[in-house]
Amino acid sequence: MATTETSRAGAAWPRLRVDDWAETRETLHMWVQIVGKVRLAHAPLLNHWWEVTFYVTPRGLTTSAIPYGAGFFDIEFDFVDHMLRLRTSDGGARDIALESMPVADFHGCVGQALEELGVPTTIQDHPNEVEPAVPFSVDYQHHTYDPRAAHLFWRQLLQADRVLGAFRAQFVGKVSPVHFFWGAMDLACTRFSGRRAPRHPGGAPNCGDWVMVEGYSHELSSCGFWPGGGEEGAFYSYAYPEPAGFADSPVSPSDAFYSRQNGQFLLPYEAVRTADDPDRTVAGFLHSTYVAAANGAGWDRAALETDPDRWADR
């Protein structure tokens, strides 16, 4: 029988079936792409496109501070009060209610709010990494927003962000923040060996190959959470370039498997949610798949890894 502490830990991981919020997820995906492209339009390029990502907050997802002129602005999806909040460093603010509306209307509302705040912005008018790529300004087919589903999705991200953050702390080499990529709508954290990688072949739908060349310029082991796989989403882990034998490496837990279709290891979210210790289950998956990538490619693990509790006794 699970202890009370374990039961509470499991309850923190909400159940959200992929099929139950497909229309909301597809609409929200277009909305976050619109806001993401606003950040892309203003933020200076960082390696691997780190300047375009969002971050999990105690209420939703934020762009963090975006430079504009001599000041800054930010945009946050608040999945508690279900508002899109736009704020500027000179005190300006606008709120847009998150409710069912066509992508075209959301696109117009965001553009108008930015104009009113003195941050006029022109973005690329079509989404990336999806097929078909309906231009935002004429997209009336995606219009559903279920606040309960959006709230549950944010709660999934909270748990994933927390466990990925603990995993990130064990690495002193080059490593990304734990951040949300709006292209594929996944939360990710990527470790790097320090060596350059072979040129990526590209191939993502409606996304220039040069985008992937920048994203995968260096040898890496990447992991994260994606809400669109399996029954309730899935944690994933992959390596680029993939070392020989990676797919056949032993990983934990037993529910994890290598998907040749996706070219990565997957751990179903429902296997985590129902585990006696969800945090340990995810941690085991992240560590074992990273070891498979790092050992397979001959990374200098002694130089790249660290103990996050190294100052605990001070």
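Computed from the coordinates by the stated procedures, all read-outs in this text should not be read as laboratory data. Keep in mind the model is a prediction, meaning the values are calculated, not measured. When we count neighbours, we look across all protein chains shown, and the Cβ atoms used for this are built from the backbone with ideal geometry, even at glycine.
What's the exposure ranking of THR289, THR144, going from fewest to most Cβ atoms within 10 Å? Walk me through the numbers on the way to the answer.
Working: THR289 28, THR144 17.
Going from sparsest to densest Cβ surroundings: THR144, THR289.
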Checklist line | Principal axis dimensions, region 1-149 - Cα atoms, whole angstrom, descending | finding: 58, 34, 31
Next item on the list: Could you go through region 269-275 in sequence order and give the Karplus-derived ³J(HN,Hα) for each residue, using 6.51 cos²θ - 1.76 cosθ + 1.60 with θ = phi - 60°, rounded to whole Hz, and x for Gly and Pro?
Entry: 4, 5, 5, 6, 4, 9, 6
Next item on the list: Using amide H atoms built 1.01 Å from N in the peptide plane, name the residues 5+ places from VAL251, or on other chains, whose amide H lies under 5 Å from its own.
Entry: none
Next item on the list: Select from PHE72, PHE285, PHE106 the residue whose mean-square fluctuation is largest in a Gaussian network model of the chain (Cα-Cα springs shorter than 10 Å).
Entry: PHE72
Notebook entry, point to check: Quick one: what Rg and Dmax do you get for region 231-286 from the alpha carbons, in Å?
Noted result: 11.3, 34
Notebook entry, point to check: Considering only TRP182, SER237, SER259, whose Cα is most displaced toward the positive end of the charge dipole of region 147-304, charges sitting on Cβ of Lys, Arg (+1) and Asp, Glu (-1)?
Noted result: TRP182
Check: Considering every Cα-Cα pair within region 124-208, what fraction, in whole percent, is farther apart than 18 Å?
Finding: 63
Next item on the list: Starting from the alpha-carbon convex hull of region 257-309, give the projected area averaged over all orientations, in nm².
Entry: 4.9
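I need the Kirkwood Rh of region 147-304: take the reciprocal of the average 1/r across all distinct C-alpha pairs and report it in angstrom.
Details: mean 1/r = 0.0624 Å⁻¹.
After inverting the pairwise mean of 1/r, the radius is 16.0 Å.
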Next item on the list: Distance between Cα centroids, region 180-253 to region 66-84: provide it in whole Å.
Entry: 28
Next item on the list: Express the relative contact order of the chain as a whole percentage, based on alpha carbon pairs under 8 Å and six or more residues apart in sequence.
Entry: 18
Margin query: On the principal axes of its Cα set, how long, how wide and how thick is region 187-270? Give whole Å, largest value first.
Written below: 35, 29, 21
Note to self: Report, to one decimal in Å, the Kirkwood hydrodynamic radius for the chain based on all distinct Cα pairs.
What the structure shows: 20.5
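Could you list the GluC sites (Glu not before Pro) in region 1-103 that lie in coil according to DSSP, counting only those with at most 16 other Cβ atoms within 10 Å of their Cβ? Could the numbers behind the result be given before it?
Values: sites: GLU5, GLU23, GLU26, GLU51, GLU76, GLU99; in loops: GLU99.
Here the GluC sites (Glu not before Pro) that fit, given the DSSP loop and packing criteria, are GLU99.
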